[in-house]
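The values are calculated or read from the model by the stated rules, or taken from the named source; none is laboratory data. Keep in mind it's a predicted model, so treat the numbers as computed, not measured. All Cβ positions, even for glycine, are placed from backbone atoms using ideal geometry, and neighbour counts span all protein chains on display. Keep in mind that these areas ignore ligands, DNA and RNA; they rest on the heavy atoms of the full protein, side chains included. Shrake-Rupley method; radii C 1.70, N 1.55, O 1.52, S 1.80 Å.
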Amino acid sequence: MARECKAGNWLFRINPSNDKELQRATIGSSCYSLLWTAPNGERILDINPNGEDVDIQTDRHNYVRLKSGGVKLK
């Protein structure tokens, strides 16, 4: 299970204190910002890079965070 991954020019991670939030930071920065909150109380279990996209696995569904910025069901 990955708690953090690199995709494109970004680092993505599951918020260490709230596993319902995906955060993002530029490479070389230690300042993460909230990017996405899983809907309906879902918990993020795993994230994996897929080119410049990020695959997000929750306890209910699988999503993909696209390079363009959108998040959709996979």
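In the set Asn48, Asn18, Asn9, only one residue is under 9 Å from the mean Cα position of the chain (by Cα) and among the polar types (S, T, N, Q); that residue is Asn48. Taken over the range 1-37, the criterion of being touching a Phe, Trp or Tyr at 6+ places or on another chain (Cβ under 6 Å) and of a type outside the set (Lys, Arg) is satisfied by Cys5, Leu22, Gln23, Ala25.
Taking the stated definitions as given, is Asp19 on the phi < 0 side of the Ramachandran plot, open to solvent by less than 50 Å² (accessible area, probe 1.4 Å), modelled with pLDDT of 95 or more and outside any strand (DSSP E or B)? Yes; evaluated as a whole, the condition is true for this residue.
In the range 34-74, the residue that is surrounded by the most Cβ atoms within 10 Å (Cβ to Cβ) out of those that are among the basic types (Lys, Arg) and in a strand (DSSP E or B) is Arg65. Residues of the range 1-16 that are under 19 Å from Arg60 (Cβ atoms), open to solvent by less than 90 Å² (accessible area, probe 1.4 Å) and not in a strand (DSSP E or B): Ala2, Asn15.
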